[in-house]
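Working notes, beginning with the structure itself.
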Amino acid sequence: MSADFRMTNAAFRVIIPNRHAVGAESNGLDTQHTAALKYIQSRASVTRKIVQEALGLKQTSAGILLKNLESRGLIEKTGSGKATVYSAKR
């Protein structure tokens, strides 16, 4: 991803891509969701805290990210409370 410079006779335009935009990845996920999904897919199961630490997120952000992946049907949630684990759907 890099800036695109376009010039005309009297002006120039710089187009800077928004790397946080949804749809930036081919699967419709932003880079953070894609990183989390790849991380989860590389393991049998993970907890919210493991994802939080692996991606450097706050507790709330990690929870929201996991909930978004679950609602899209990309991961499964098993258990509740401290015993909650997430795994990639196969």
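The values are calculated or read from the model by the stated rules, or taken from the named source; none is laboratory data. Keep in mind it's a predicted model, so treat the numbers as computed, not measured. Every residue, glycine as well, gets a Cβ built from its backbone with ideal geometry; the counts of neighbours run over all protein chains shown.
Residues checked against (1) in contact with a Leu (Cβ under 8 Å, 6 or more places away or on another chain); (2) farther than 17 Å from Gly28 by Cβ; (3) assigned to a helix (DSSP H, G or I):
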site	(1), (2), (3)
Lys38	no, no, yes
Glu53	no, yes, yes
Lys67	no, no, yes
Gly73	no, no, no
Glu76	no, yes, no
Lys82	no, yes, yes
*Qualifying residue in the stretch 31-46 (condition: surrounded by 10 or more Cβ atoms within 10 Å (Cβ to Cβ), farther than 23 Å from Gly79 by Cβ, of a type in the set (A, V, I, L, M, F, W, C) and at pLDDT below 90)*: no
*Considering only the stretch 55-65, state which residues are buried (at least 16 other Cβ atoms within 10 Å of the Cβ) and outside any helix (DSSP H, G or I).*
Leu57
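Matching residues to (1) at pLDDT below 95; (2) in contact with a strand residue (DSSP E or B) (Cβ under 6 Å, 6 or more places away or on another chain):
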| position | (1), (2) |
| --- | --- |
| Arg13 | yes, yes |
| Ala21 | yes, no |
| Gly73 | yes, no |
| Ser87 | no, yes |
